[in-house]
Amino acid sequence: MVTSNLKTFQHNLNRGNMGQTNNQIFVPDSSCELYLPLWWGELDGSPITSRDVNARSCTVTGAVYGADGRTFDASDDKITMTGTDFDIQVFSILGWIKRNTDGAINYLFSDLNATPDKGYGFRTSASDELYFFAYKASGFWDMTSTGTVPQDTWYMWGVTLGGNGTTAKMYIDGEADGTGSQVTIAYDSTEPQLGEAANGGGDTDGVVGELWFYSRELPAEEIRDTFARTRGRYK
């Protein structure tokens with residue numbers, strides 16, 4: 001995985017089914033391991049190819065395409081990062097999601113194996129906070145946002161990890177919202193998934209519009225900038 005200085009390039013895309021003609025995809029440097037603009041018409045069907053320098057193949061199960069993104073049915077819909085391994089300690093996840101049901105545990109992204117307990121999950125809690133947890137050599141560590149992400153409203157979720165012994169951070173709509181003390185994550189060979197825990201369960205009920213996975217800890221200003229650039233798509 002290669003990290004370089006940020007080089008942002010843009011593609012002007014026609015999104016006529018939403019009455020917009022200059023919607024832009026902002027694809028950052030090679031530290032963006034995965035970028036899925038699920039609202040984009042060329043990502044209809046299955047498999048789909050991520051719009052980053054890696055062009056990763058992703059298998060869609062259910063998750064019907066629409067102008068705002070992919071709709072997940074709270075049953076068995078998911079997007080699997082086929083043949084992908086993100087077993088790293090320093091990373092960031094950002095994603096736009098609108099949930100349909102308060103009080104539901106909805107996974108945005110996970111790299112999780114329950115037998116044995118390995119990996120991590122990024123989801124909501126039963127109280128509608130953001131919740132991140134990760135297994136370590138024995139037991140797990142976790143953190144919860146202070147704010148909530150209620151149903152029927154678009155939010156950009158975020159989590160950043162800087163490595164063992166650092167402070168992990170959560171973000172809601174580009175603003176820091178909760179921290180935790182990171183411990184080394186224990187991994188197993190599992191393909192990451194969007195919309196469901198990678199070991200099953202926690203199925204998302206709602207629409208996911210966009211997702212980024214970076215192999216670095218994003219600074220706060222870059223997260224705010226991503227929110228500002230993309231928020232116009234989600235109303």
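Among the residues of the range 109-160, which ones are of a type in the set (Ser, Thr, Tyr) and exposed (fewer than 15 other Cβ atoms within 10 Å of the Cβ)? Answer for the range 109-160, where residues must be of a type in the set (Ser, Thr, Tyr) and exposed (fewer than 15 other Cβ atoms within 10 Å of the Cβ): THR115, SER127, SER138, THR146, THR153.
The C-beta contact set for the range 137-148 (first residue charged (D, E, K, R), second residue buried (at least 16 other Cβ atoms within 10 Å of the Cβ), distance under 6 angstrom, 6+ apart or interchain) comprises ASP142/PHE133.
Restricting attention to the range 78-119, the residues that are out of contact with any strand residue (DSSP E or B) (no Cβ under 6 Å at 6 or more places or on another chain) and among the charged types (D, E, K, R) total 3. Of the strands (runs of 3 or more DSSP E) lying entirely inside the range 121-188, those carrying at least 1 residues that are charged (D, E, K, R) are 129-135, 140-148, 167-172, 175-181.
Of all the criteria given as (1) modelled with pLDDT of 95 or more; (2) more than 16 Å from the chain's Cα centre (by Cα), the one not satisfied by VAL2 is (1). Annotation note: of THR59, THR71, the sole residue that is crowded, with 19+ Cβ neighbours inside 10 Å and modelled with pLDDT of 95 or more is THR71.
Before we move on, is ALA168 of a type outside the set (Asp, Glu), surrounded by fewer than 21 Cβ atoms within 10 Å (Cβ to Cβ) and without any contact (Cβ under 8 Å) to a residue 60 or more places away in the chain? For ALA168, the condition - of a type outside the set (Asp, Glu), surrounded by fewer than 21 Cβ atoms within 10 Å (Cβ to Cβ) and without any contact (Cβ under 8 Å) to a residue 60 or more places away in the chain - is not met. Can you tell me which residues in the range 148-195 are within 17 Å of TYR214 (Cα to Cα) and among the aromatic types (Phe, Trp, Tyr)? Across the range 148-195, the qualifying residues are TRP157, TYR171.
The values are calculated or read from the model by the stated rules, or taken from the named source; none is laboratory data. Note that the structure is a prediction, hence the values are computed from the model and not measured. A quick note on method: Cβ atoms are made from the backbone with ideal geometry, for glycine too, and the neighbour counts reach across all protein chains shown.
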